[in-house]
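The values are calculated or read from the model by the stated rules, or taken from the named source; none is laboratory data. Just so we're clear, the structure is a prediction, and the values are computed from it rather than from any experiment. A quick note on method: Cβ atoms are made from the backbone with ideal geometry, for glycine too, and the neighbour counts reach across all protein chains shown. Protein only, heavy atoms only, side chains kept; ligands, DNA and RNA dropped before computing areas. Shrake-Rupley method; radii C 1.70, N 1.55, O 1.52, S 1.80 Å.
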Amino acid sequence: MKLKDKVCIVTGAASGIGNAIAHRYASEGGKVAIADLNVDAAEKAAADIRETFGTEAMAVAMDVTSQEQVDAGVAKVVEAWAAVDVLVSNAGIQIVNPVEEFAFSDWKKMLAIHLDGAFLTSKACLPHMYAQGSGSIIFMGSVHSKEASPLKSAYVTAKHGLLGLSRVIAKEGGKKGVRTNVICPGFVRTPLVDKQIPEQARELGIPEAEVISRVMLGQTVDGEFTTVEDIAEVALFFAAFETNALTGQSLVASHGWFME
Ligand code: NAD
């Protein structure tokens, strides 16, 4: 059991990648808080985890762009379980449009969810991690933390920004036992990606099948999607890694779409 009794907060865990991470952490004995805007789905995910693994799991209503909600959510977890060992800042959305048509309000919304969300959840968890002298923070980046694609200005900007924030926290937290790393997935078939397929087909004027085969998977070594389970495995690796040897790093899992 790599995370026995470790308290893990995963944002955006009511769906997709975050949900798979929460399940994987519970399978290793972690106590998991499913922090999400979608409270009903978060409750369902927590109930499923309790039933499947017999571990403790709770839903936490949280809009990661609200300092008040983030602080209240983290306080609720600490009140129940008296620690925060792992934070996965994963909540995210996608909005695609060329820059000249990108609404400023959409730009601000994207930066708020991805960057303010990572900042606010880290800011709320760090005092607890520093007090206990240990902790692991994981940001959900993307291949778009390292690579650009048309139509994704806000997403690419925000995902690049996460690398910077992660490195600063790694330097500030090192002597206090806190590590921080970024996971950079390629395309993973979740609701976030399913929504993009028709949108990109429309914007690029190509069939949906071509969006998948050429735009999303054309640069991979095998034409395969990365899976939520693949990313959950990387998230477990970072969460359970015990020393500062691995901090301020980012790991790309993308079927070879992006190599470094
Ligand atoms: P998803 O749509 O399946 O899940 C996202 C979750 O985040 C949902 O449960 C949603 O309710 C929640 N959420 C959205 N806004 C929120 C907010 N303001 N506060 C709290 N929760 C909020 O998406 P996913 O594909 O699982 O994406 C998860 C993360 O992985 C995102 O950060 C995304 O950018 C990143 N990512 C996804 C892919 C991919 O191909 N799916 C690739 C690289 C990175």
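Suppose each label sits 7 Å from its Cα in the direction of the beta carbon; what would the His160-Glu51 distance come out to in nanometres?
About 4.5 nm separates the two model spin labels.
Roll a 1.4 Å probe over the protein chains and send me the accessible area per residue for the stretch 140-260 in Å².
On the way: 5530 Å² over 121 residues.
About 46 Å² of surface per residue is accessible.
Compute the Kirkwood hydrodynamic radius of the stretch 8-53, taking the inverse of the mean of 1/r over all pairs of distinct Cα atoms, and give it in Å to one decimal.
Numbers: mean 1/r = 0.1013 Å⁻¹.
Over the stretch 8-53, the inverse of the mean reciprocal pair distance is 9.9 Å.
FRET efficiency for Met259 and Lys109, Cβ-Cβ distance as r, R0 = 30 Å, nearest 0.05? Display every interim value, and only then the final one.
Values: r = 32 Å, r/R0 = 1.06.
So the FRET efficiency works out to roughly 0.40.
Just for the Cα atoms in the stretch 60-127, what are the lengths along the principal axes, largest first, rounded to whole Å?
48, 19, 17
Give the distance, in whole Å, between the Cα centre of the stretch 71-92 and the Cα centre of the stretch 194-260.
Using only Cα atoms to place each centre, the spacing works out to 26 Å.
I need two numbers for the stretch 1-155: Rg to one decimal and Dmax as a whole number, Cα atoms only, in Å.
Considering the stretch 1-155 through its Cα atoms, Rg and Dmax are 15.8, 51 Å.
So how tilted is helix 191-204 from the main axis of the chain? Cα-based, degrees 0 to 90, rounded to 10.
Between the helix axis and the principal axis of the chain, the angle is about 20 degrees.
So in the stretch 1-65, what percent of DSSP beta bridges are antiparallel if you round to the nearest 5? It would help to have the intermediate numbers written out before the result.
Working: 0 of 10 bridges.
Percent antiparallel among DSSP bridges in the stretch 1-65 is about 0.
For the chain, what is the largest minus smallest coordinate of the Cα atoms on each principal axis, given in angstrom and ordered from greatest to least?
In descending order, the Cα extents are 53, 38, 35 Å.
Enumerate the aspartates and glutamates that Lys108 could reach by cross-link, defined here as Cα to Cα under 13 Å, with residues fewer than 8 away along the same chain left out.
The reachable aspartates and glutamates, counting only those whose Cα sits under 13 Å from Lys108, are Asp116.
Given a 1.4 angstrom probe, I'd like the percentage of the accessible area of the stretch 167-215 that is carbon and sulfur, rounded to a whole number. Working shown, then result.
Details: 1380 of 2490 Å².
That fraction is 55 percent.
Could you give the nm distance between label points at Leu251 and Asp222, where each point is 7 Å from its Cα heading toward the beta carbon?
Calculated label separation equals 1.8 nm.
Quick one: of Lys6/Lys76; Lys31/Lys152; Lys123/Lys176, which pairs are farther than 23 Å apart, Cα to Cα? The partial results should precede the final answer.
Details: Lys6/Lys76 16 Å; Lys31/Lys152 35 Å; Lys123/Lys176 14 Å.
With Cα atoms farther than 23 Å apart: Lys31/Lys152.
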